[in-house]
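K.L.:
Sharing a structure here in structure tokens format.
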Amino acid sequence: MTAYIVRRLFATLPVMGVVAICVFLLLHLSPGDPAAVIAGDNATAENIAMIRQRLGLDEPLWKQFLLWIGQLLRGDLGQSMFWRTPVVTLIGQRYEPTLSLALTTLIVAVSIAVTLGVVAAWRAATFVDRAVMGFAVLGFSVPVFVVGYVLIYVFAIQLKWAPVQGYAPISEELDDGRIGLVWAEAEAYADPPDKIAEMMKGKKRERYLDEEAVRFNVLDRLRGAQKDVVLTSPYLIPGAKGIELMQGLRERGVKVRLLTNSLAATDEPLVHIGYSRYRKQMLRLGVELYELSPTRVKRNWKLGMFGTSHGRLHAKTAVIDRRLVFIGSMNFDPRSDVHNTEMGIFIDSPQLARELLRLADLDKLQASYRVRLGADGDTVQWLGLDDEMGEMVLEDEPDAGLWLQIWLNLIAPLAPEELL
């Protein structure tokens, strides 16, 4: 038996070799240049040539084949052009959902098939037998996507036995004592309408001591953070109160990470004036600061916390101590504080906090620049990763035009912060 298995295994080697050659040739016969696709539409001929050299595409065809086979045998499947991540890493991230789906499908299918088969055999040549046969034929005939929608409608929407979409690792779900649905306590807040009414009457409202206000409750929970705070805000103007809050957190050893729009990404360049006034202060306090890049967003179009059409951050969220989640309409800027009525919800859920942090980490890794102070402690630098050039250090606002920067520098002294 062992000799037979060994012979069969050796017999598959020539087949695998022929398949590998066919796949390799088909890839090279397909139209298009991979180097040009990776480099992008605005790439120069030198950039494309550099990428071809790095990927070995300038080598003879036989040498490319040997390099490809060698990498394949080492488990190197290359890098995804969309995710800018090794394919092996992507497969590793997806094996658990795939395995869960496969095992669940197998268990359900076998259980139903065996049960119906036994019933049909027991009631052979009767209406029950014909009904089982009709059910089986229907299952094979109806397209899979139709069956999927029907099952979602029945079990997720009507019976609410399972979530409509999404996945969390089974190990984490078991640790949290729940499978599928996420149950958590939540508190919702909304600014009272008289906030605007009083402003229109010319009355000044104490903004930070209104216990009904969304901002008051957000700041109150931020002050109570013990370990870390992660904020995403499309418009970020902390003001003196915000800087004081961050200083207090940092003095207690709380890690603070902020994600906001870069100058090139924001749709309100004037707001960026207010943000840039506090950028160095935040960095000197030890705050981790990230700015979203529209160019990197469009290159990694599968990211989901912002609109892919504009490459712009939209989410207003906070995660406190990896447990408390805030999602709302409030930006961390004076306009949300004074001129807008906001709403938001606090959710006490470590599981939802983990999912939100995963999205934020993905945004920071693949679609943002990390901002830091230069060696002199006064200049601002932007750090990014490029597939061809490695780590990049930029001294000017990334992806932003020169005239826009000049215009903002001229108008900055005239822009009142309370109106931004």
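K.L.:
Which FRET efficiency, nearest 0.05, do Leu402 and Ile69 yield, Cβ-Cβ r, R0 56 Å?
P.N.:
On the way: r = 49 Å, r/R0 = 0.87.
With R0 = 56 Å, the Cβ-Cβ based efficiency is 0.70.
K.L.:
Hey, rough spin-label estimate for Leu138 and Arg284, points 7 angstrom out along Cα→Cβ, what's it come to in nanometres?
P.N.:
Placing both labels 7 Å beyond Cα along the Cβ direction yields 7.3 nm.
K.L.:
Quick one: length gained pulling Ser80 to Ile411 fully straight, 0.36 nm per residue minus the C-alpha distance?
P.N.:
On the way: separation 331, 0.36 × 331 = 119.16 nm, distance 4.30 nm.
Difference between extended and current length: 114.9 nm.
K.L.:
Please give the contour-minus-distance gain from Asp348 to Lys255: 0.36 nm per residue of separation, less the Cα-Cα distance, rounded to one decimal in nm. It would help to have the intermediate numbers written out before the result.
P.N.:
Numbers: separation 93, 0.36 × 93 = 33.48 nm, distance 1.95 nm.
Length gained between Asp348 and Lys255: 31.5 nm.
K.L.:
Continuing with this model, one more query. Would you please put 247-258, 93-104 in order of how densely packed they are, using the mean number of other Cβ atoms within 10 angstrom per residue and starting with the highest? Could the numbers behind the result be given before it?
P.N.:
Numbers: 247-258: 16.0, 93-104: 11.2.
Descending packing order for the listed peptides: 247-258, 93-104.
K.L.:
Report the calculated FRET efficiency for Val154 and Ala125 (r = Cβ-Cβ distance, R0 = 30 Å), to the nearest 0.05. Numbers along the way, then the final one.
P.N.:
Details: r = 31 Å, r/R0 = 1.04.
Once the sixth-power term is evaluated, E becomes 0.45.
Taken together, the values in this text are just the output of simple stated rules run on the coordinates, not laboratory data. Remember, predicted model here, so these are calculated numbers, not experimental data. Here the Cβ is made from the backbone with ideal geometry for all residues, glycine too, and neighbour counts use every protein chain on show.
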